[in-house]
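Report on the following structure.
The values are calculated or read from the model by the stated rules, or taken from the named source; none is laboratory data. What you are looking at is a predicted structure, and each value in this text was computed from that prediction instead of being measured. Ideal geometry is used to build each Cβ from the backbone, glycine not excepted, and the neighbour counts take in all protein chains shown. Each accessible area value is taken on the protein alone, full model and side chains, heavy atoms only, with ligands, DNA and RNA left out. Shrake-Rupley method; radii C 1.70, N 1.55, O 1.52, S 1.80 Å.
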Amino acid sequence: GALLAPKRLRTWMVVVPVVTAFGFLGIFERVREFIRKPYIIGGYLYSNLLVEEDYPIYQRDGVLAHATYTTTPKITESNLVEAGRNVFLLTCSRCHTTHGINSIVGVFERMYGKGKPLDPASMAAYIPNMHNGRTYMPPFPGNAREVEALAVYIRDLQLTGTPLEGAQSDGVAVNPAHTAAAVSRMIIEAGDAAPSQTAQLQTAR
Amino acid sequence: MTPVPKDIPLPLPLPEWLLVALLVISFLAHIVFVNLMLGGSLLTLWSQIKGLRDPRYDALAHELAKTITVNKSLAVVLGVAPLLSINTLYTIYFYTANVLTGSMWIAIIPLVTAAFLLTYLHKYTWGALERNKPLHIAINALAVAMFLFIPLIFLANVNLMLFPEKWGAIKGFLSALMLPNVFPRYLHFLLASMAVTGLFIFWYFGRYRYPFEERLKGLRRADIRRKGYSLALAASIGQFLIGPFVLLTLPSKGMGWNLLLVIFSGAALALPAMWWMWKAITGPDEGLDRHFGKVVGLMTVVVLFMGSGRHVYRANALEPHRRLMAARTEEFKRKADEARAELAAGRLAAAGPTEHPGAAIFKRNCSSCHNTEGRLVGPPVTEMHEIYASDKQALIAWIKAPGKKRPDYPQMPGFPQLSDEELDLITQYILEIEH
């Protein structure tokens, strides 16, 4: 039509196909979003950006121990909420906000009911098992202590409404176990480095 | 403290030397068109402002404006290859810098989109806004402001990616922008834009097929071409001041004899080109074209040297850190292998259950929402006992595909993935065991 009789072309004849095309694209994208979960790369990388085959080490040591950036490499009684926040950042924040779209508080309030404080013990029992019932959720990658901290943090979020800022405004804190100094010490201790390499690495900060 | 992240433990999809060559060459192609886009829009603005008093320059501005949209399309399309290459070669470095500059990095997309739309608007409303030059010029000025700002976002990022020792110290885009040596590099880029655009103007308005006399009445072809050539020469002279400034303000960790060799060779090769430009500008009109091919050829080589030097600096700067990152990645893989082996061994060694086999399956799949007594998320086992005591099959059907009977409870997810044997064990556990 457009080629053979351009003068007969009306605006709606162009607008309708364009809108329809975007509609089809939208449907396709939405379906793809649903069928990919809990993975980003099926069978390899979960939505939380952790590789499936690394789950044994994370579930043994916790995700915090292996995180490059965290203020709480180890969980103690006094840093429980902050550790929980860091666990949330590493394992949940790819898909859940704290109080906004798909908020973690909202998700749990819908499950347990609104109007009462969330119970950390219930959440700590639910989180390690949620992927069995809700198959779009990746399994929780941390260890038991981290589940506890996370549950305490979620209740704290519900009660205090504290927002969670990102690296672009808060910056990052480097985990002391994963600094250049720590890694070069590890290399030297492993005895892998040749003498000249050792000298070079020792000057790294 | 310098962070050492884990690297992606996968091999490169192409040999590294090939990816590097692709990166450097495709980046140079991209940046030349970015230069033309920026330089072209600046010159259009200058020409249109000059055209308020001298209408001949308004016509020139219109002609220049027609080239911006073409060059910007090429710039964007050619940006894909270097973006993919750098993400493959320097994944962790590039991605970290992007995250640390956060929304400003993402803002490139809406800013570029807005700038493009403004250039199209500017180009196509030349006639309609004939009587409202201030508004018309303002549209271009806004696009120019964006074109001047957007490179700063890129520069802040490609600079930040080179300095892991700074990643823990900065907070967002503005602090990244202040790191050395973003602003010297920016000045270097601006001058390069003017140089490339000057050469473009010389060529564009010199084309045999271009109807100069018809479109630009009152202007002389040779005059405009001379202006373009002069701009290129002046900008190149400026580079001999800004270039050393960039070199001296570069953080020393990337310095090396290989870098200095490449940069000085490139700079030296620009000198004959500038000499030829000078001869053409100060010579007669008939001699304008004489050395142009050689000038362009030589300046292309200069650009290749500079682009390579840029990569040499990056490689020098990141070499020690890449080795640290490889060591950490290796160590993590070793420990992850250990943990996998432990887990496999642990599974095999697990003692047989002394409790009902359905209890373990129930614990894994159901106990997160169902307690023995009292409501957790769903009703307790005691209620299930009451409802389904006489109809085990109905319970199995419900578990596979639950309906919704209680309006004030959330919808239970289905468990179609459980085998008949597992369902049998669970329902046994629920209905037959004393709780």
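Of all residues in segment B:258-294, which are of a type in the set (S, T, N, Q) and in contact (Cβ under 8 Å) with a residue 60 or more places away in the chain? Let's see the steps before the verdict.
Taking segment B:258-294 and keeping what is of a type in the set (S, T, N, Q), we get B:258, B:265, B:282.
Passing the criteria: none in range.
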From B:ARG328, B:ARG290, residue being farther than 17 Å from B:ILE201 by Cβ and not in a helix (DSSP H, G or I): B:ARG290
In segment A:174-189, the residues that are within 17 Å of B:GLU165 (Cα to Cα) and surrounded by 16 or more Cβ atoms within 10 Å (Cβ to Cβ): A:VAL174, A:ASN175, A:ALA177, A:HIS178, A:THR179, A:ALA180, A:ALA181, A:ALA182, A:VAL183, A:SER184
Segment A:156-171, residues that are without any contact (Cβ under 8 Å) to a residue 24 or more places away in the chain and small (Gly, Ala, Ser): A:GLY166, A:SER169, A:GLY171
Among (1) open to solvent by 50 Å² or more (accessible area, probe 1.4 Å); (2) under 25 Å from B:ALA336 (Cα atoms); (3) not small (Gly, Ala, Ser) - the single one A:VAL51 does not satisfy: (1)
Answer residue from segment A:148-166, given it is more than 14 Å from chain B (Cβ to nearest Cβ) and either touching a His at 6+ places or on another chain (Cβ under 8 Å) or part of a loop (DSSP other than H, G, I, E, B) (or both) and is least open to solvent (accessible area, probe 1.4 Å) among those: A:LEU157
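I'd like to check something: does segment B:130-137 contain any residue that is away from chain A (no Cβ under 14 Å) and among the β-branched types (Val, Ile, Thr)?
Checked segment B:130-137: at least one residue is away from chain A (no Cβ under 14 Å) and among the β-branched types (Val, Ile, Thr).
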Answer residue from segment A:109-126, given it is in a helix (DSSP H, G or I) and more than 8 Å from chain B (Cβ to nearest Cβ) and is surrounded by the fewest Cβ atoms within 10 Å (Cβ to Cβ) among those: A:ALA121
Count of segment A:58-84 residues which are under 17 Å from the mean Cα position of the chain (by Cα) and not in a loop (DSSP other than H, G, I, E, B): 6
Evaluation of B:LEU324 against (1) modelled with pLDDT of 95 or more; (2) within 14 Å of chain A (Cβ to nearest Cβ); (3) open to solvent by 60 Å² or more (accessible area, probe 1.4 Å) (one fails), failing number: (3)
Single unsatisfied condition, B:LEU84 versus (1) away from every other protein chain (no Cβ under 14 Å); (2) aliphatic (A, V, I, L, M); (3) without any contact (Cβ under 8 Å) to a residue 12 or more places away in the chain; (4) in contact with a Phe, Trp or Tyr (Cβ under 9 Å, 6 or more places away or on another chain): (4)
Helices (runs of 4 or more DSSP H) contained in segment B:154-266 and holding at least 1 residues of a type in the set (D, E, K, R), surrounded by fewer than 16 Cβ atoms within 10 Å (Cβ to Cβ) and more than 14 Å from chain A (Cβ to nearest Cβ): B:212-215, B:221-249
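Looking at segment A:1-48, which of the residues that are of a type in the set (Gly, Ala, Ser) and exposed (fewer than 10 other Cβ atoms within 10 Å of the Cβ) is nearest to B:LYS335 (Cα to Cα)?
Ranking the candidates gives A:GLY43 first.
Test A:SER169 against the stated conditions and say whether it is open to solvent by less than 40 Å² (accessible area, probe 1.4 Å), within 11 Å of another protein chain (Cβ to nearest Cβ) and part of a helix (DSSP H, G or I).
no
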Residues that are aliphatic (A, V, I, L, M) and either assigned to a loop (DSSP other than H, G, I, E, B) or touching a residue at least 60 places away in the same chain (Cβ under 8 Å) (or both), drawn from segment B:138-153: B:ALA141, B:ALA143, B:VAL144, B:LEU148
